[in-house]
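The structure appears below as structure tokens.
Every number here is computed from the coordinates shown, using simple stated rules; none is lab data. No experiment lies behind these values; they were computed from the predicted model shown. Note that each Cβ is placed from the backbone with ideal geometry, even for glycine, and that neighbours are counted across all protein chains shown.
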Amino acid sequence: MWRAITRIPKTLDSLGQGVAVLPQQFQHSQLYNNNHNICSKTNYLSLHNQASLIRPKYRMSSAKPKVVFVLGGPGAGKGTQCSKIVERFQFEHLSAGDLLREERSREGSEYGQLIEEYIRNGKIVPVEVTCSLLENAMKNSGKSRFLIDGFPRNQDNLDGWNRQMSDKTEMQFVLFFDCAEDVCVKRCLGRGQSGSGRSDDNMESLKKRIQTYNNDSLPIIKYFENAGQVKRIDASPDADKVFQEVERVFLANGFQ
Ligand SMILES: Nc1ncnc2c1ncn2[C@@H]1O[C@H](COP(=O)(O)OP(=O)(O)OP(=O)(O)O)[C@@H](O)[C@H]1O
Ligand SMILES: Nc1ccn([C@H]2C[C@H](O)[C@@H](COP(=O)(O)O)O2)c(=O)n1
């Protein structure tokens, strides 16, 4: 379980668009010195690293939270399977995409417009935003098992996680939902037609999301695969059939 020790305001260079103060909900336990609360992205990271050496960021109860990364193409069925895993294995499901959409809709969010532009264009939001949302959600949940859905999606995501979260969590494995592109497209368009309300469940956004997945996300999956950390699931059968495989993986890895 997470427990924040301190609340110190921090800032980050807003993604190459000048200096910006992080909104309230990002101002959590990371150890930023008040004297440095306006800094470039480079300084932000270097301050972060220096601070890491000084003292732990959290007081945690005995074990570190367990994390399973859930990856796969747009519409592969990650969210659908995560709901089933939550029911069966008492994980907390944190979808990076959902957290970003929530932040986009939050009144007064400084990042709302930026997030919308990234999502509509099928691009990956800079990790400083996404990782802070994930960390806050983990702390607020009070849980100790997390499905981190749709993350890390590119090298920037992975590097940011390694800087900010890897020491505080125990990554178990990567659950990879392998699904053909045409099936993914069909599922996303179907989801759009059934009223998902998502601004990216349309052919134009999907082309870009698929391109981003192929160019940026697949190399990350490959990286984990080379490290022997990927559990590959065939995501093409119906959802219950897919879950049979998923359940087998969790049981084989000691989850009850
Ligand atoms: N195994 C399946 N067979 C058929 N349809 C499925 C299956 N799994 C999910 N779906 C449907 O496909 C659509 C996309 O599923 P889901 O939202 O779970 O995918 P996702 O991988 O989380 O997508 P995204 O990455 O875009 O958020 C939904 O409408 C869902 O009901
Ligand atoms: N790590 C992430 C996850 C998601 N996003 C943005 C860009 C995606 O196209 C969009 C939707 O995600 P999904 O719900 O399909 O998982 O959210 C991101 O920038 N970084």
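Can you name every residue in the stretch 132-162 that is in a loop (DSSP other than H, G, I, E, B) and either at positive phi or of a type in the set (Phe, Trp, Tyr) (or both)?
Listed by number, the residues that qualify are 142, 150, 151.
Can you work out which of the residues in the stretch 101-131 that are near ligand 2 (Cβ under 9 Å from one of its atoms) and part of a loop (DSSP other than H, G, I, E, B) is farthest from residue 154 (Cα to Cα)?
For the stretch 101-131, the residue satisfying everything is 121.
Which of (1) touching a residue at least 60 places away in the same chain (Cβ under 8 Å); (2) farther than 23 Å from residue 249 by Cα does residue 118 not meet, given it meets every other one?
Failed condition: (1).
Is it true that residue 145 is among the basic types (Lys, Arg) and crowded, with 17+ Cβ neighbours inside 10 Å?
For residue 145, the condition - among the basic types (Lys, Arg) and crowded, with 17+ Cβ neighbours inside 10 Å - is met.
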